[in-house]
1. Could you tell me the calculated FRET efficiency between residue 35 and residue 82, based on Cβ-Cβ distance and R0 = 25 angstrom, to the nearest 0.05?
2. Just to be sure I understand the model, the point goes 7 Å from the Cα along the line to the Cβ. What's the resulting residue 98 to residue 118 distance in nm?
3. How many percent of the alpha carbon pairs in region 1-95 exceed a separation of 18 Å?
4. Around residue 40, what is the net charge, scoring Lys/Arg as +1 and Asp/Glu as -1 over all other residues with Cβ under 12 Å from its Cβ?
5. What FRET efficiency comes out for residue 74 versus residue 54 if R0 is 22 angstrom and r is the Cβ-Cβ distance? Round to the nearest 0.05.
6. When the chain is fully extended, how far beyond the present Cα-Cα distance does residue 14 get from residue 27, taking 0.36 nm per residue of separation?
7. How do the peptides 33-43, 47-57 rank, highest first, by the average count of neighbouring beta carbon atoms within 10 Å per residue?
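Values in this text are rule-based calculations from the coordinates and carry no lab data. Just so it is clear, the model here is predicted, and its values are computed rather than measured. Here the Cβ positions follow ideal geometry from the backbone for every residue, glycine too, while neighbour counts run over all protein chains shown.
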Amino acid sequence: MSLSPEQSGFATTQWSIVLQAAQPGDSAARAALELLCRRYWFPLYAFARRRMATVPEAQDLTQEFFLRLLEKNSLAAATPERGRFRSFLLTSLKNFLANEWDRANAQKRGSGRKRLSLD
């Protein structure tokens with residue numbers, strides 16, 4: 001059974017806002033970015049919260065996700081032809097969370113092992 005955007009917490013996409021937000025540098029783009037962040041922060045946080053141990057961890061990762069999304073101008077890759085915006089965001093968030101989990105759980109080279117002398 002598929003949930004409607006309202007049931008899933010995602011607002012119906014206004015592509016004009018997404019496309020405007022992907023144009024860095026002007027005040028209209030900043031306003032569009034602010035609107036997108038306000039609309040999509042909670043649904044993405046709720047998605048992350050279902051996968052995180054703590055509320056602060058989910059909040060921090062959601063904030064970091066938006067920061068990286070903006071720094072990399074990833075919104076430029078989102079277009080109506082490529083599918084739903086919420087699918088783009090969820091896929092991006094899943095990849096981000098997987099990368100963060102890998103980074104947090106990676107063992108440093110040689111960690112926990114005794115050094116062996118080659119002599």
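1. Values: r = 21 Å, r/R0 = 0.83.
My answer for the efficiency is 0.75.
2. 3.7 nm
3. On the way: 1983 of 4465 pairs.
When all Cα pairs of region 1-95 are counted, 44 percent exceed 18 Å.
4. Numbers: positive: 38, 39, 86; negative: 34.
Counting the neighbours of residue 40, the net charge comes to +2.
5. Numbers: r = 26 Å, r/R0 = 1.19.
Taking R0 as 22 Å, the efficiency between residue 74 and residue 54 is 0.25.
6. Numbers: separation 13, 0.36 × 13 = 4.68 nm, distance 1.82 nm.
Here the segment from residue 14 to residue 27 would lengthen by 2.9 nm.
7. Details: 33-43: 16.5, 47-57: 13.6.
Order by mean packing, descending: 33-43, 47-57.
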